[in-house]
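Input: a single structure, listed below in structure tokens.
The values are calculated or read from the model by the stated rules, or taken from the named source; none is laboratory data. Only a predicted model underlies this, so the values are computations on that prediction, with no experimental measurement involved. Glycine gets a Cβ as well: all are built from the backbone with ideal geometry, and neighbour counts include every protein chain shown.
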Number of protein chains: 2
Amino acid sequence: MTSIEDVAVATGVSTATVSRALRGLAGVSEGTRARVLSAAQELGYVPSSAASGLASGRTMAMGVLLPSIERWYFSAVLEGVDRQLRAAGYDLIVFSLGGRGANRERVFHRSILRKRIDALLVMCMELTEEEHRSLRELESPTVVVGGSVQGVRHVGIDDRVAVRDAVEHLISLGHTKIGHVRGSGSDGLYFEVPRIREESFLETMASRGLPVRSEWCVFGDFRFNESKHAVTQMLSTVAERPTALFCSSDEMAFGALTAATELRIRVPEELSVIGIDDHEFAEPMGLTTVRQVPEEQGAFAADLLLGELEGRTPLQCPPTQPHTLVERASTGPAPS
Amino acid sequence: MTSIEDVAVATGVSTATVSRALRGLAGVSEGTRARVLSAAQELGYVPSSAASGLASGRTMAMGVLLPSIERWYFSAVLEGVDRQLRAAGYDLIVFSLGGRGANRERVFHRSILRKRIDALLVMCMELTEEEHRSLRELESPTVVVGGSVQGVRHVGIDDRVAVRDAVEHLISLGHTKIGHVRGSGSDGLYFEVPRIREESFLETMASRGLPVRSEWCVFGDFRFNESKHAVTQMLSTVAERPTALFCSSDEMAFGALTAATELRIRVPEELSVIGIDDHEFAEPMGLTTVRQVPEEQGAFAADLLLGELEGRTPLQCPPTQPHTLVERASTGPAPS
DNA sequence: CTGAAAGCGCTAACAT
DNA sequence: ATGTTAGCGCTTTCAG
């Protein structure tokens, strides 16, 4: 590998000057900079991140800790994070717990703390007190994306209001018999979001004086398949059917939609379905939903962290991210 | 930060011994090792990856270069890669081109080559000759996952055969009027797979003496929405409809399914639909498809690379990954 | 089995 | 504007 030394020799300057020139620092004459640049180019020189990281204390990499990569929300956030990071010349290191929390300790110690990252973005999970302390000692700025977590600032929509908007949309269409398809965090990894969504559903119903029937509330595990089964089961056994279903995520709403189709229950004439997310499939499936844009959330969070790494003053309370009701064909007036 | 020096002092041994003890190398008495371990534990010592990377030349990180994170196949592969890496104590660095190939040069030089990774897994895209050379100089083992690429070994299914299996399944059901929903790589990032799938469709049809009608072949861009529109358009304008549709991916098959539903075309009575992938939604949507398991492919590729990093002899031709036809409700006998 | 010492390749004062 | 000089924290010969 060609090192900074080689470039220095080739240009006839010191390594310090090469370093300065390459990083665009002030205090290098234009002539020298040009010669350094071309020599570096010529030699195919690429600085070693390990060496510069060791010397400068900055790794130019950011970590993202998440429960799993594959879920729509997570990969979308990742996409947004990556976009900003790439633009800023930072690398993205992914720490996935792969659905299980078991190896979490190892992830944290063997990876995150190894001075490999300058900042950490945590997706929808709580850090233990000890993990927090470790990060504070490392002085790595941290932010949570997606689910509010006590004591840590977070970037995300206001789930409470988003749910209320969804449910009130149903109510405004005349629905009173409203069921709920809820999720939960696998292994308690991101339990906050499903909980808040359920609470808000109950609150909104209560505030409108509408009863909630427990047989209309089923568990869809944030998944299409689970939701489809649960909803099928519910719709085909219950004495009286709900006229609308609020689903805590679009994927579960897809399940509800599919269940309805298979049971020959017309949507929205007999059953309205609303979700949350605006998943890529929501539009083609005609699903009414509350849109959130995870990619933007990820980008926002990444920018926030990036800003702090560049010395901007820490933002203690990032602004709430926007959500919007998107009306499509899956909701309609309650049957009379 | 507590350094190896601190641990050495606390234990009363040299840093060299601490290093050996912590890494489990031979030549350290059990007593010493135990004392070192407990001191390290006590002090909360975590080795710096930059320092050890610089000194040893191994970063304990692997890179994954992909066109975008969010597409199902990519994130699923990533999940598999991460699983194996995590188990081996390696970190995962993600280089996403974010759909556009523009910043590719920068990604490569500013990131990949910066001695930040020990090996590179490339997803579905070709490396330029120069990129290859760079990696060879770095001596980083490389492998491509998902689409065969000339001159580089790759891990993936045999797309040609997979497509043939799908199409022959339709033919065996008596279909002769078969259409195709094809994809393509965005910006030529992963053009190989869609091309092979299309070719194989044509070949299979030809080999059975079946004509291919160009008006039945539409472009779905590997997406639900595009596919739905294209299929809707096609089915509602064509003089005679096909009785079956082979879709180059499940997501496009979902689009076809949805299009059919909206047009009140019964599946599979009037139209059979088959995809490729076995996407998470395929089962609940009742889609017949050819299953591939990207997570396993990613894990396999990661293992392959990991093995070489540990000195196992390079595998020039990784075995073809398996695919299986999964029959569900979306395919049935051709209408008579 | 353990220690001393020489770097790995770069950055960051401090000089000039 | 540029060079000198120390390290950054670890690994790795080479001795003992």
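At a glance:
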quantity	calculated
Any hit, region A:35-45, residues being within 9 Å of another protein chain (Cβ to nearest Cβ), modelled with pLDDT under 95 and either within 8 Å of DNA strand D (Cβ to nearest atom) or over 30 Å from A:Glu280 (Cα atoms) (or both)	yes
Residue count, region B:236-276 (criterion: acidic (Asp, Glu) and away from chain A (no Cβ under 13 Å))	3
Matching option when the condition is in contact with a Lys or Arg (Cβ under 9 Å, 6 or more places away or on another chain), crowded, with 24+ Cβ neighbours inside 10 Å and touching a residue at least 60 places away in the same chain (Cβ under 8 Å), among B:Thr289, B:Thr331	B:Thr289
Residue in region A:18-29 that is modelled with the highest pLDDT, counting only those that are loosely packed, with under 15 Cβ neighbours inside 10 Å and near DNA strand D (Cβ under 8 Å from one of its atoms)	A:Ser29
Members of region A:68-91 found to be surrounded by fewer than 24 Cβ atoms within 10 Å (Cβ to Cβ) and either in contact with a strand residue (DSSP E or B) (Cβ under 7 Å, 6 or more places away or on another chain) or within 9 Å of another protein chain (Cβ to nearest Cβ) (or both), listed by number	A:Ser68, A:Glu70, A:Arg71, A:Trp72, A:Ala76, A:Glu79, A:Arg83, A:Arg86, A:Ala87, A:Gly89
Filtered residue count, region A:1-14, keeping only those that are within 6 Å of DNA strand D (Cβ to nearest atom) and surrounded by fewer than 16 Cβ atoms within 10 Å (Cβ to Cβ)	1
Residue that is without any contact (Cβ under 8 Å) to a residue 40 or more places away in the chain and in contact with a helix residue (DSSP H, G or I) (Cβ under 8 Å, 6 or more places away or on another chain), where the choices are B:Leu127, B:Leu121	B:Leu127
Residue check, B:Arg58 within 8 Å of chain A (Cβ to nearest Cβ), at negative phi and among the basic types (Lys, Arg)	no
Tally of residues being more than 19 Å from the chain's Cα centre (by Cα), outside any loop (DSSP other than H, G, I, E, B) and more than 12 Å from every other protein chain (Cβ to nearest Cβ) across region B:106-130	1
Helices (runs of 4 or more DSSP H) within region B:1-75 that include 1 or more residues more than 14 Å from DNA strand C (Cβ to nearest atom) and of a type in the set (A, V, I, L, M)	B:30-43
Set A:Gly146, A:Gly151, A:Gly98: member being assigned by TED's automatic domain parsing to the domain that holds A:Thr59 and within 13 Å of the chain's Cα centre (by Cα)	A:Gly146
Residues of region A:307-322 that turn out to be over 17 Å from the mean Cα position of the chain (by Cα) and surrounded by 18 or more Cβ atoms within 10 Å (Cβ to Cβ), as a count	1
B:Thr237 vs. criteria free of Cβ contacts under 8 Å to residues at least 24 places away in the same chain and over 18 Å from B:Pro335 (Cα atoms)	yes
Pairs with Cβ under 6 Å, 6+ apart, first in region B:1-29 and in the same structural domain as B:Ala40 (by TED's automatic domain parsing), second within 7 Å of DNA strand C (Cβ to nearest atom) and assigned to a loop (DSSP other than H, G, I, E, B)	B:Ala8/B:Ser14; B:Arg20/B:Val28; B:Ala21/B:Val28
Answer residue from region A:281-297, given it is of a type outside the set (D, E, K, R) and within 8 Å of another protein chain (Cβ to nearest Cβ) and is nearest to the chain's Cα centre (by Cα) among those	A:Phe281
